[in-house]
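One structure is given here, and the rest of the page talks about it.
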There are 2 protein chains.
Amino acid sequence: VRIAVFGLGLLGGSVCKALRTADGNGHISAYDIDRSSLEDARRNGVIDDIIETQEAVIHCDVAVIALPVKSSISAIRAVLDSTDDSAMVVDLGSVKTGVINGVIDHRNSSRFVPCHPMAGSERSGFAGSSPDILSGANVIITPHIKNTPDIISRAVKFWEMTGMKVTIADCTDHDVAVAYTSHLPHLLSAALVCAEKKGLPSDMSNEPFRGRGFRDMTRLASGSPAVWEDICEMNAAQIVKAIDTMTGILCDLRRELAENPVDGKALREFLEEAVRLKKEY
Amino acid sequence: VRIAVFGLGLLGGSVCKALRTADGNGHISAYDIDRSSLEDARRNGVIDDIIETQEAVIHCDVAVIALPVKSSISAIRAVLDSTDDSAMVVDLGSVKTGVINGVIDHRNSSRFVPCHPMAGSERSGFAGSSPDILSGANVIITPHIKNTPDIISRAVKFWEMTGMKVTIADCTDHDVAVAYTSHLPHLLSAALVCAEKKGLPSDMSNEPFRGRGFRDMTRLASGSPAVWEDICEMNAAQIVKAIDTMTGILCDLRRELAENPVDGKALREFLEEAVRLKKEY
């Protein structure tokens with residue numbers, strides 16, 4: 001299979017590495033604005049050749065758009081222009097409705113399959129990429145009205161080659177769900193890092209008080225700001241609703257804790273509900 | 001060393017297991033309301049004998065009170081009554097000021113050293129206990145006015161035997177710091193589990209949308225409700241301040257995301273600050 005990857009960062013690099021192992025006879029080309037990642041990847045055999053400009057005409061079976069989600073729209077359109085009629089174009093963006101709306105009117109949009117590999121890392125860029133972050137993780141495909149069953153099944157096969165588990169979902173359902181399962185958790189993690197800094201005296205050494213739980217809860221905060229700014233802007237409406245649900249729960253909790261004596265019963269019910277729900281996962 | 005452990009749960013059990021390895025000649029006795037954990041621990045050689053009642057007179061060098069923090073106060077007082085004058089009594093509670101205030105007037109309070117091993121697990125009870133959760137983790141000792149340097153250095157040596165790194169801190173500083181680094185993270189984790197349930201349609205299958213980030217951010221939510229209810233009640237004043245700091249940050253973020261277009265600059269600064277602060281850890 002001939003693959004062209006646009007954006008050789010955390011996810012783009014991980015896709016290249018996974019495909020390299022899965023298909024020894026495949027040919028992988030890549031484009032990135034960071035020339036040094038490309039040279040590095042070629043030297044290490046992760047890619048076969050470098051695509052010089054984003055507008056270059058590419059003969060490939062699958063083009064993978066692995067860019068921050070806002071800039072991915074123009075890149076998907078450009079690659080739908082420059083690739084063969086037989087080439088499938090997939091993106092990896094964390095928000096689907098806005099990308100579909102930005103691409104659907106393109107004359108070749110039937111060849112574009114919106115995808116979201118639910119994989120990440122506290123590391124960012126090509127240096128953090130690894131096939132391990134894809135292996136066994138979920139990838140969501142959100143077909144649009146121009147897609148045929150045939151191209152969706154090509155996309156399913158493509159993702160199965162990378163070791164991912166495929167789920168087909170409606171794009172709005174996707175954007176609502178990931179607001180809670182991915183975007184809100186990222187913002188909570190970043191906000192927790194900032195809250196600890198803001199809330200504690202600046203002359204206090206917090207390090208001894210940071211246990212494994214704190215490290216886990218702040219791991220996501222290290223994610224790429226460029227990637228997450230795009231996600232937040234593109235899924236703002238759903239994220240606002242998720243923040244409102246979250247702050248509603250925190251405000252109830254705060255009211256209970258501010259009572260004197262604390263209403264242990266309501267607090268206990270909240271903690272027990274969380275344990276019960278978590279057991280169902 | 002002769003050790004008596006009161007409460008053979010996650011932390012009490014982990015302390016027994018760590019000491020068993022560190023001191024082959026030591027003698028470990030334990031008390032718990034759950035007889036089956038005690039029998040299990042004795043059968044497996046984790047403890048040497050069972051203490052029949054919490055009021056039994058115990059000849060030991062160190063008594064470890066490993067109970068939920070509210071009930072630990074009366075247990076510390078009882079064990080200060082029933083132990084030899086040479087016995088040191090340590091607790092493991094996640095809140096220190098309230099415990100010290102509840103014990104300081106006891107005639108033997110000089111023998112009580114307030115401690116907090118910053119260790120936990122998504123598992124709870126003796127079944128989840130392991131010396132690994134202590135090894136390399138921090139333990140905070142918060143001396144009170146009746147403690148002598150001699151007993152503090154005995155406490156330091158005790159914790160070093162379990163493989164933990166010791167930090168000495170003021171009890172108020174401790175309670176303020178852990179509100180941000182431990183108690184708020186736990187409540188965020190539990191609240192995120194409840195928010196996802198509340199925010200998403202009940203007929204939606206959320207499982208495919210839950211990636212590694214979500215699993216990490218909701219891991220703490222599985223912690224024992226009995227343990228966490230006590231912690232929240234005992235450190236309510238500090239936790240309320242931490243929740244206020246957190247919801248303040250989330251409200252700013254919500255306001256930015258609700259603007260149309262989104263103020264990308266403020267959002268980017270927030271995300272970059274989190275990455276920058278996290279790098280300093």
Residues of region B:125-164 being under 20 Å from B:Gly7 (Cβ atoms), polar (S, T, N, Q) and surrounded by fewer than 18 Cβ atoms within 10 Å (Cβ to Cβ), in sequence order, are B:Ser130
Looking only at region B:21-30, filter to residues that are modelled with pLDDT of 95 or more and out of contact with any helix residue (DSSP H, G or I) (no Cβ under 8 Å at 6 or more places or on another chain); which one of those is farthest from B:Ile65 (Cα to Cα)? B:His27
I'd like to know if region B:263-272 contains one or more residues that are in contact with a Phe, Trp or Tyr (Cβ under 8 Å, 6 or more places away or on another chain), assigned to a helix (DSSP H, G or I), within 7 Å of chain A (Cβ to nearest Cβ) and not acidic (Asp, Glu). yes
Inside region B:50-68, the number of residues satisfying the requirement of being at pLDDT 95 or above and not in a loop (DSSP other than H, G, I, E, B) is 5
Residues of region B:150-208 satisfying the condition of being within 30 Å of B:Asp23 (Cβ to Cβ) and assigned to a loop (DSSP other than H, G, I, E, B): B:Thr162, B:Gly163, B:Met164, B:Ala169
Hits in region B:73-119 (condition: of a type in the set (Asp, Glu) and within 14 Å of chain A (Cβ to nearest Cβ)): none
In the set B:Val95, B:Val139, which member is within 19 Å of B:His186 (Cβ to Cβ) and part of a loop (DSSP other than H, G, I, E, B)? B:Val95
The one condition A:Arg210 fails out of (1) more than 7 Å from chain B (Cβ to nearest Cβ); (2) touching a helix residue (DSSP H, G or I) at 6+ places or on another chain (Cβ under 9 Å); (3) without any contact (Cβ under 8 Å) to a residue 60 or more places away in the chain is (1)
Would you check if B:Ala179 is surrounded by 22 or more Cβ atoms within 10 Å (Cβ to Cβ), farther than 22 Å from A:Ile140 by Cα and more than 7 Å from chain A (Cβ to nearest Cβ)? yes
Is it fair to say B:Arg254 is within 7 Å of chain A (Cβ to nearest Cβ), in a helix (DSSP H, G or I) and of a type outside the set (Gly, Ala, Ser)? yes
From the list B:Ser71, B:Ser94, exactly one residue is modelled with pLDDT under 95 and farther than 12 Å from B:Ala4 by Cβ. Which is it? B:Ser71
A careful count of residues in region B:152-162 that are of a type outside the set (S, T, N, Q) and touching a helix residue (DSSP H, G or I) at 6+ places or on another chain (Cβ under 6 Å) gives 1
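Here is a yes/no grid of residues against (1) free of Cβ contacts under 8 Å to residues at least 12 places away in the same chain; (2) within 9 Å of chain B (Cβ to nearest Cβ):
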residue	(1), (2)
A:Ser153	yes, no
A:Lys157	yes, no
A:Met164	no, no
A:Thr167	no, yes
A:Cys171	no, no
A:His183	no, no
A:Ser189	no, yes
A:Leu192	no, yes
Within region A:4-31, residues being surrounded by 24 or more Cβ atoms within 10 Å (Cβ to Cβ), touching a Leu at 6+ places or on another chain (Cβ under 9 Å) and over 20 Å from A:Met118 (Cα atoms) number 3
Residue in region A:228-240 that is nearest to the chain's Cα centre (by Cα), counting only those that are at the interface with chain B (Cβ under 7 Å from one of its Cβ atoms) and either crowded, with 22+ Cβ neighbours inside 10 Å or over 12 Å from B:Cys251 (Cα atoms) (or both): A:Trp228
Output the qualifying pairs, or none if there are none: Cβ atoms under 7 angstrom, residues six or more apart or on different chains, first residue in region A:105-124 and farther than 30 Å from B:Val275 by Cβ, second residue in a loop (DSSP other than H, G, I, E, B) and among the basic types (Lys, Arg). A:Ser109/A:Lys146; A:Ser110/A:Lys146
Have a look at B:Gly223, B:Gly199 and point out the one that is within 7 Å of chain A (Cβ to nearest Cβ), at pLDDT below 95 and surrounded by 20 or more Cβ atoms within 10 Å (Cβ to Cβ). B:Gly199
For A:Glu272, all conditions in the list (1) closer than 17 Å to B:Glu196 by Cβ; (2) surrounded by 22 or more Cβ atoms within 10 Å (Cβ to Cβ) hold save one; what is the number of the exception? (2)
Report yes if some residue within region A:34-53 is surrounded by fewer than 23 Cβ atoms within 10 Å (Cβ to Cβ), of a type in the set (Ser, Thr, Tyr) and closer than 22 Å to A:Ser182 by Cα; otherwise report no. no
Of all residues making up region A:1-16, the number that are within 13 Å of the chain's Cα centre (by Cα) and within 18 Å of A:Ala155 (Cβ to Cβ): 4
Looking at the structure I just gave you, is A:Glu122 of a type in the set (Asp, Glu), assigned to a loop (DSSP other than H, G, I, E, B) and within 14 Å of chain B (Cβ to nearest Cβ)? yes
In this structure, does B:Ile104 turn out to be buried (at least 18 other Cβ atoms within 10 Å of the Cβ) and at pLDDT 95 or above? no
For B:Val15, indicate whether it is touching a residue at least 12 places away in the same chain (Cβ under 8 Å), part of a helix (DSSP H, G or I), out of contact with any Phe, Trp or Tyr (no Cβ under 9 Å at 6 or more places or on another chain) and under 29 Å from B:Ile239 (Cα atoms). yes
Of (1) of a type outside the set (S, T, N, Q); (2) touching a residue at least 60 places away in the same chain (Cβ under 8 Å); (3) farther than 30 Å from A:Asp216 by Cα, A:Lys70 satisfies all except one. Which? (3)
With respect to the numbered conditions (1) farther than 26 Å from A:Arg276 by Cα; (2) of a type outside the set (Lys, Arg); (3) within 24 Å of the chain's Cα centre (by Cα), which one is the sole condition not fulfilled by B:Glu269? (3)
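The values are calculated or read from the model by the stated rules, or taken from the named source; none is laboratory data. Not measured: the values here are computed from a predicted model. Heads up, the Cβs are rebuilt from the backbone with ideal geometry, glycines too, and the neighbour counts pull from every protein chain shown.
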